[in-house]
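See structure below.
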Amino acid sequence: MSREKQVAIFGSGTGSNAHAILRAAREGRLGGQVAVVVTDVPGAGILDFAKEFGVPAVTIDPGKRGGGRLADETLEEMESLMLRFSVDLVVLAGFMRIVRDPFLSAFEGRILNIHPSLLPKYPGLHTVRRAMEAGETETGCTIHLVDAGVDTGQILRQERVPILEGDTERAVYARIQEAEHRAYPEVISERLENL
Ligand code: GAR
């Protein structure tokens, strides 16, 4: 029997996507198991979900490079963590750091990210506000492979949601998150199947 595929989730915040992925794994919908949850933010909400689901959690020190960049030693630590947990697929779920070489090359084609806009529109921060200010009538989320750019890389899935008359930023973002929680476990499962 082949070994179960192992996923690592990286996040810096609340972890609602991590929760959706952990639930999918528990319900047998992920095609793999979550081996480890990694955060760069001590006490981040995502750690509570790791605990709830009995998954090991590791807090890494991002170092002091600034601008969202990870220190060389942090990238090395991340790589050895992935080896230690035999990770097949790295899933970024609200991880607000830029992943770069040598980690990137070590996991080429095996790092996914989710972003709250219809990329290539609105990379970066405040995506919902910027879409609304531009008068868009729809926005959504994008799941893509991670490359050396910020919110670039091959797009694997996009989900669209409407921006309605009188909508608040919060309402639109809630609609996007609903779509994220549905789509991300599905895309992870497809990706794991093709590894
Ligand atoms: C998600 O909405 C994700 O799209 C966004 O962070 C949020 C994390 O929420 N990611 C980015 O903006 C990456 N550029 P969560 O912690 O509740 O999953």
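The values are calculated or read from the model by the stated rules, or taken from the named source; none is laboratory data. Please read all numbers here as calculations on a predicted model, not as lab measurements. FYI the Cβ positions are ideal-geometry reconstructions off the backbone, even for glycines, and counts take in every protein chain you see. Side chains are part of the model used for accessible areas, which takes the heavy atoms of the whole protein and leaves out ligands, DNA and RNA. Shrake-Rupley method; radii C 1.70, N 1.55, O 1.52, S 1.80 Å.
Which one of these is out of contact with any helix residue (DSSP H, G or I) (no Cβ under 8 Å at 6 or more places or on another chain) and aromatic (Phe, Trp, Tyr): Phe107, Phe85, Phe53, Phe49? It would help to see each step written out before you state the result.
On the way: Phe107 fails: out of contact with any helix residue (DSSP H, G or I) (no Cβ under 8 Å at 6 or more places or on another chain); Phe53 fails: out of contact with any helix residue (DSSP H, G or I) (no Cβ under 8 Å at 6 or more places or on another chain); Phe49 fails: out of contact with any helix residue (DSSP H, G or I) (no Cβ under 8 Å at 6 or more places or on another chain).
Just one listed residue meets the conditions, Phe85.
Select, from Pro123, Pro116, the only residue that is surrounded by fewer than 17 Cβ atoms within 10 Å (Cβ to Cβ), touching a residue at least 24 places away in the same chain (Cβ under 8 Å) and not small (Gly, Ala, Ser). Quick ask: steps written out before the conclusion?
Numbers: Pro116 fails: surrounded by fewer than 17 Cβ atoms within 10 Å (Cβ to Cβ).
Matching residue, one of Pro123, Pro116: Pro123.
Only one of these is farther than 22 Å from Leu47 by Cα, outside any loop (DSSP other than H, G, I, E, B) and either among the charged types (D, E, K, R) or away from the ligand (no atom under 11 Å from the Cβ) (or both): Arg100, Arg160, Arg182. Name it.
Numbers: Arg100 fails: outside any loop (DSSP other than H, G, I, E, B); Arg182 fails: farther than 22 Å from Leu47 by Cα.
Criteria check complete, one pass: Arg160.
Which fully enclosed strands (runs of 3 or more DSSP E) of region 1-72 have 1 or more residues being out of contact with any Lys or Arg (no Cβ under 8 Å at 6 or more places or on another chain) and either open to solvent by 60 Å² or more (accessible area, probe 1.4 Å) or hydroxyl-bearing (Ser, Thr, Tyr) (or both)? Walk me through it before giving the result.
Working: elements: 6-11, 33-39, 57-59.
Answer list for region 1-72: 33-39, 57-59.
What number of residues within region 8-50 satisfy the criterion of being more than 14 Å from the ligand (Cβ to nearest atom) and among the charged types (D, E, K, R)?
3
Looking at this structure, is Val187 part of a helix (DSSP H, G or I), open to solvent by less than 70 Å² (accessible area, probe 1.4 Å) and touching a Leu at 6+ places or on another chain (Cβ under 6 Å)?
Values: part of a helix (DSSP H, G or I): yes; open to solvent by less than 70 Å² (accessible area, probe 1.4 Å): yes; touching a Leu at 6+ places or on another chain (Cβ under 6 Å): yes.
Answer is yes for this residue.
Where residues in region 76-97 are surrounded by fewer than 20 Cβ atoms within 10 Å (Cβ to Cβ) and not in a loop (DSSP other than H, G, I, E, B), which of them is nearest to the ligand (Cβ to nearest atom)?
Among them, the one singled out is Leu81.
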